[in-house]
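Input: a single structure, listed below in structure tokens.
The values are calculated or read from the model by the stated rules, or taken from the named source; none is laboratory data. Fair warning: this is a prediction, and the values are worked out from it, not measured in the lab. Positions of Cβ are generated from backbone atoms using ideal geometry, with glycine treated the same way; all protein chains shown enter the neighbour counts.
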Amino acid sequence: MNVTETRKAYYGLFSRIFLSEMDEESLKAMEESEDFEVLFPKYAKWDKRKENKKELIERYLNVDFADVTLLHLIPYESFYVREDAMIESGGANPVVSFYNDFGFRADLDRARVVSPDHIGVELEFMHLLCSKELEALKDENEEAANFIRNLQKDFLREHILKWAFMYLMNVYEEARYPFYKDASKALLEFLLEDFEYLSKR
């Protein structure tokens with residue numbers, strides 16, 4: 001895979017992890033990926049990973065998912081950046097203008113989120129932008145590819161990087177089991193590396 005394909009895959013992976021509970025098919029795909037032990041070093045060595053997958057997911061992974069995305073932590077940008085710490089669920093949410101420019105519509109019902117600035121939705125948008133960049137590169141349109149890379153950098157700087165560190169550090173502290181600890185740490189490192197990569201383009 002080239003760099004953009006890898007970046008697209010990572011955004012898709014992390015969006016999936018933070019948008020909804022784990023299922024056996026998704027977990028199997030993650031565990032069989034070539035980057036598995038790099039991204040999930042503690043989880044890879046966790047003794048409970050050898051248990052029945054259905055039980056592993058229900059007893060541990062999805063319990064942690066509920067804790068870090070629904071019950072104890074709030075995975076929405078507006079909560080972190082607004083002075084009143086309220087979640088902006090309407091069209092006034094600043095991320096919506098970015099989404100509208102690309103015809104991106106967050107299916108809030110399907111994703112079961114209350115606002116388009118959920119971390120999983122913002123990562124899904126970056127996944128879409130990487131797909132658009134790949135299309136431009138396939139068409140040998142370097143000008144369009146550069147334009148899309150600049151949009152990616154702007155979206156990271158103006159949105160994700162303004163709040164994701166606080167949320168992900170809280171996930172790392174709050175998660176009881178290795179999977180979401182590893183995921184939060186890996187995503188944090190990836191976002192920093194990706195912004196640095198885009199800044200040098």
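Summary table below
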quantity: Boolean, Glu83 is part of a helix (DSSP H, G or I) and either modelled with pLDDT under 95 or not aromatic (Phe, Trp, Tyr) (or both); calculated: no
quantity: Residues being in contact with a Ser or Thr (Cβ under 6 Å, 6 or more places away or on another chain) and surrounded by fewer than 20 Cβ atoms within 10 Å (Cβ to Cβ) - total across region 168-186; calculated: 1
quantity: Residues (over 22 Å from His118 (Cβ atoms) and of a type outside the set (Gly, Ala, Ser)) located in region 138-172; calculated: Lys138, Asp139, Glu140, Asn141, Glu142, Glu143, Asn146, Phe147, Ile148, Arg149, Asn150
quantity: Residue under evaluation Trp46, criteria (1) more than 24 Å from Cys130 (Cβ to Cβ); (2) loosely packed, with under 14 Cβ neighbours inside 10 Å, criterion not met; calculated: (2)
quantity: The lone exception for Glu34 - which of (1) in a helix (DSSP H, G or I); (2) more than 18 Å from Lys181 (Cα to Cα) it fails; calculated: (1)
